[in-house]
Amino acid sequence: MKKILGYDIYYKIDVEKLSFSGKETISGESDKSIWLNYSGIAIESFRVNGKETPFETDQKEQLIKCLTPYTGKFEIEIHFSGKIDESLNGIYYSRENGFVFVSTQFEATGARYAFPCVDNPEFKAEFRVTMDIPSDYDGISNMPPERIEDHEGRKIITFQKTPRMSTYLLYLGASRYDMLEGKHEEKPIYLASAKGKMQASKMPIGMASDTLTFFEDYFDIKYQLPKLHLIAVPEFAFGAMENWGAITFREIELMVNESTSSAILKRVDEVISHELAHQWFGDLVTMKWWDDLWLNESFATFMSYKALEHKHPEWEIMGEMVTGETGGAMTGDSLRNTHPIHVEVKNPDEISQIFDEISYGKGGSILRMIEAFVEPDNFRNGVREYLKGHSFGNAIGQNLWESIEKVSKKPVSKIMDAWITKAGYPQIEASVNGNKIKLHQTRFFLDGSPDNTLWPVPLTVVYSDGVKSFLMDEEEMEIPLQSFQYINSNRTGFYRVKYDGELNENIKKVAPTTMDKFSRWGLISDYSSLYFSRKISIDELISILNMFQSDMEYMVMDEISGIIMSLHNILQNSRKIDSFGISYLNGMLNSLGTFKSGEPINITVIRGRMQSVLSLIDLDYAKKTANRLSDFEKVSPDERQSVAYAYAMARNDLDGLLKKLETLRVDEDKIKIISAMGHLKGNENLTAVWGLIRDGKIKKQDSFRAIMAASGEAQNRQFIVDNMEEIVSTLDRFFEGTGYTSRFLESMIPYLGLQDEKSVKEYISGKNEPSWEKGVRKGLEYLNIYKKVNTE
Ligand SMILES: [Zn+2]
């Protein structure tokens, strides 16, 4: 195949039989043979240039191949049909109150489940879609309708032709909708949900419009499509998906109103911004192949935080990017089983497994590092040049570095090449040597082993008279000691720092008062990783955490709360960390005081998080808090999770939680109860909770929350291990083709392995699932590290 010019698709949806049938005309040009991707579709006829043409199908390779060679322009006409199923991939449905909700998820390779196509991002084409649906249904696609006709009790919607775009960005939706409408300049923005489920105010439309304004200015290119849909999908595997002009979301990632918690409010604005960034980065300019997926995702990740930083300076959102994205990526990337940002991918299993903390978090953090290195104006101008040069086309990472390098005149390509092709990241060791500081770089591994991989590291060093920049591209270098304060200003660099000897003693003394907030967060994160790599003891770690017990910075409180929670779960004897945690969290909560309307959003969020941790580690606190469940809807939204946890921990009463669950309307609240169910104790409770999941009484997309919570809870691990076969295969069925099973196993294996390593390993060794492989290997590596810290 040489190129595809266009698809003209007539798509008929039968909501009774849950099936589709279609007719498409594909025009293009072939260099020697004609083939298309397809999966699970029946091909009823296949004609090339008006003639019936012999073809063969290869189910394993998901291909339809024309048996006669062909060169030149062609027009293929295919009649096909297939089933709409419940898996959350391709074209699928969920059942609502008296109707069905049909939606699509085509990234990475779902389009081939809905219609035969060249399902490769480089084969961009124009799409003209016609949907044939029941007359009481509505249809949504990437473009607005051009014509709507009634035909024998059916509604036929012909949508305007799309610009050139990739197959994975096409959207087909059919259901009964509730719809709110707003505008961005002259273009309509629609907020859509299944009928009867609109719980949002128009807030998401305002968020989207403000972000579009920011991006149109930042990229210097207008939003390209004539309209934008924001669609809340009842069952959805991912957080959201950037289909051009028809973005899909989990309900919880979109539906906000006056009673939404502050944490979710920030999250929704971030997710909307992320998907809108993709309308340029991904949709307008697309990676040539999936090995550059990271470029899409890192860019959207970084840009979403930039948009929020601009829209809501009071949220101090870059802190969230660093604690969430950078922090998570540094943990995952310190494993032996990590991968470089840029990876070769061939088949769909491999593609779905790279939607991970490396593609999003590390990639986004590296962009933040390079932006600081070339300065923000140069970075933006380079990005503009890249987008304008490749609009409606495809590009590779190198094209972007070249644009930024040209504008900034700094060695961007050399630095980026190293950072995206090498797995892991450096640790810079700093020690005093006469009147100099000697720096030494090694690759950092969480298991503590040495390695001499080198990176060109853009260093920023803080002196009392200002910040100095250096490019460290060798194993060792020296910098002046005079008036030195610390390394990695604002933590823009993706590396850890280990201070030795007198430098370490001094840093510990001055850190709480002299370091910027990002660096205080970084110092705590570095020490906690030194604990996991067994360079410092639990007592030393706790003494360092203690230094920050009056630090009211959100990032610091968030990091320390996270460490308390994870060590409580990891350590079989968690007495020391629990007693520190209980005193730290109670002290902080005292200082924060009770919720006051109008307080800074980050205070509201962190108070809720700290209360949640405390409910799980302190039974006295849980007992005091549990009775608030009866007033659940009156509790401030950010504090509801802690109330649900407290009730599970103190009362161990499944019926009480279920009764509450039945009364709740919004997913955000339901999820809090479902997560709490994973903390109930005893086989009877756990069997009942598992039954709810297995029998579909809990939304498929939310089912994993109770299982993940139960894996963290020491007393519940044996139940999960004993039922692993059924639990994993059920989740795998729910999330087929999305790569989620791999992620679930990565999180579960370390905890379950601490309980019953033999059974877990027996279970794994009986499976040979390429789509789980990465998660299993990472999970086992975490297990080894957790076992070692338990021997101290
Ligand atoms: Zn994305």
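The values are calculated or read from the model by the stated rules, or taken from the named source; none is laboratory data. The structure presented is a predicted model; accordingly, all values stated were derived computationally and were not measured. All Cβ positions, even for glycine, are placed from backbone atoms using ideal geometry, and neighbour counts span all protein chains on display. Ligands, DNA and RNA are stripped out before the accessible areas are found, and what is left, the full protein with its side chains, is counted by its heavy atoms. Shrake-Rupley method; radii C 1.70, N 1.55, O 1.52, S 1.80 Å.
The residues of region 1-175 have, on average, 41 Å² of accessible surface per residue, using a 1.4 Å probe with all protein chains present. Calculation over all alpha carbon pairs of region 609-703 in 5 angstrom steps from 0 returns a P(r) of 2, 15, 27, 26, 18, 9, 2 percent. Do any trypsin sites (Lys or Arg not before Pro) in region 1-103 lie in a DSSP loop with no more than 10 other beta carbon atoms within 10 Å, and if so, which? Those that pass, being in a loop and sparsely packed, are 17, 32, 60. Rounded, prolate or oblate: which fits region 485-527, taking a ≥ b ≥ c as square roots of the Cα gyration tensor eigenvalues, rounded meaning a/c under 1.5, else prolate when a/b beats b/c? Because a/c hits 1.5 or more and a/b fails to exceed b/c, region 485-527 counts as oblate.
Taking the Cα centre of the chain as origin and assigning +1 to Lys and Arg Cβ atoms and -1 to Asp and Glu Cβ atoms, the resulting dipole is close to 360 debye. When DSSP beta bridges are restricted to pairs lying wholly in the chain, around 80% turn out antiparallel.
Phi angles across region 647-654 convert, under the Karplus curve 6.51 cos²θ - 1.76 cosθ + 1.60 with θ = phi - 60°, into 3J(HN,Hα) values of 5, 5, 5, 8, 9, 6, 10, 4 Hz, Gly and Pro given as x. When the distances between all Cα atoms of region 1-175 are binned every 5 Å from zero, what whole-number percent does each bin get? All Cα pairs considered, the percentages come to 2, 9, 17, 22, 21, 15, 9, 4, 1, 0, 0. Helical runs assigned H by DSSP (4 residues or longer) give the chain a calculated mean residue ellipticity at 222 nm of -13500 deg cm²/dmol, each run adding -39500 (n - 2.57) before division by the residue total. Cα-based radius of gyration for region 455-568, normalised by 2.2 N^0.38 Å, reads 1.08. Once you list every other residue whose beta carbon is under 12 Å from the beta carbon of residue 492, what net charge do they have if Lys and Arg are +1 and Asp and Glu are -1? After counting each charged neighbour, the total is -1. Pairs spanning more than 25 Å between alpha-carbon atoms, out of 699/761; 197/660; 266/670; 576/623; 3/410; 346/422: 699/761; 3/410. Within 10 Å of each candidate Cβ there may be at most 11 other Cβ atoms; applying that plus a DSSP loop requirement, which chymotrypsin sites (Phe, Trp or Tyr not before Pro) in region 77-166 survive? In loop regions of region 77-166 (DSSP not H, G, I, E or B), there are no sparsely surrounded chymotrypsin sites (Phe, Trp or Tyr not before Pro). Taking amide H positions as modeled 1.01 Å from N, with prolines and chain starts lacking one, the residues under 5 Å from residue 736 and 5 or more places away or on another chain are 88. Over every Cα atom in region 699-754, the radius of gyration and the widest Cα-Cα span, Dmax, amount to 10.5, 32 Å. Ligands, DNA and RNA left out, the accessible area of region 1-175 computed with a 1.4 Å probe is 45% carbon and sulfur.
Wrap a convex hull around the Cα atoms of region 671-766, take a quarter of its surface area, and give that in square nanometres. Across all orientations, region 671-766 yields a mean hull projection of 5.5 nm².
Candidates 63, 332, 170 compared by Cα position along the dipole of the chain: farthest toward the positive end lies 332, with charges placed on Cβ.
Checking every one of the GluC sites (Glu not before Pro) in region 125-203 against DSSP loop status and a limit of 16 other Cβ atoms within 10 Å picks out 152, 185, 186.
For region 725-792, how big is the tail of P(r) above 19 Å, as a whole percent of Cα pairs?
It works out to 28 percent of all Cα pairs.
Can you give the local net charge around residue 3? Use residues other than it whose beta-carbon is closer than 11 angstrom to its beta-carbon, Lys and Arg +1, Asp and Glu -1. That sum, taken over residues with Cβ under 11 Å, equals +1. With N counted as the residues of the chain, its alpha-carbon radius of gyration over 2.2 N^0.38 Å works out to 0.97.
Close amide H partners of residue 497, meaning residues 5 or more places away or on another chain with modelled amide H under 5 Å apart, are 428. Rounded to the nearest whole Hz, the Karplus-based 3J(HN,Hα) values (6.51 cos²θ - 1.76 cosθ + 1.60, θ = phi - 60°) of region 149-166 follow the sequence 10, 9, 8, 6, x, 10, 9, 10, 10, 9, 8, 4, 5, 7, x, 4, 8, 7, with x at glycine and proline. Backbone amide hydrogens, once placed in the peptide plane, bring residue 165 within less than 5 Å of 125, 126, excluding anything fewer than 5 places away on its chain. Rounded to the nearest percent, how much of the accessible area of region 286-421 (1.4 Å probe, protein heavy atoms only) is carbon and sulfur? In region 286-421, the share of accessible area belonging to carbon and sulfur is 49 percent. Note that region 257-264 has calculated 3J(HN,Hα) couplings of 8, 5, 9, 6, 5, 4, 4, 6 Hz, one per residue in order, obtained from phi through the Karplus relation 6.51 cos²θ - 1.76 cosθ + 1.60 (θ = phi - 60°); glycine and proline are x. Think of a 1.4 Å ball rolled over the protein heavy atoms: region 286-421 then has 33 Å² of accessible area per residue.
In terms of overall dimensions, the C-alpha atoms belonging to region 286-421 reach 38, 34, 27 Å along their principal axes, ordered largest to smallest.
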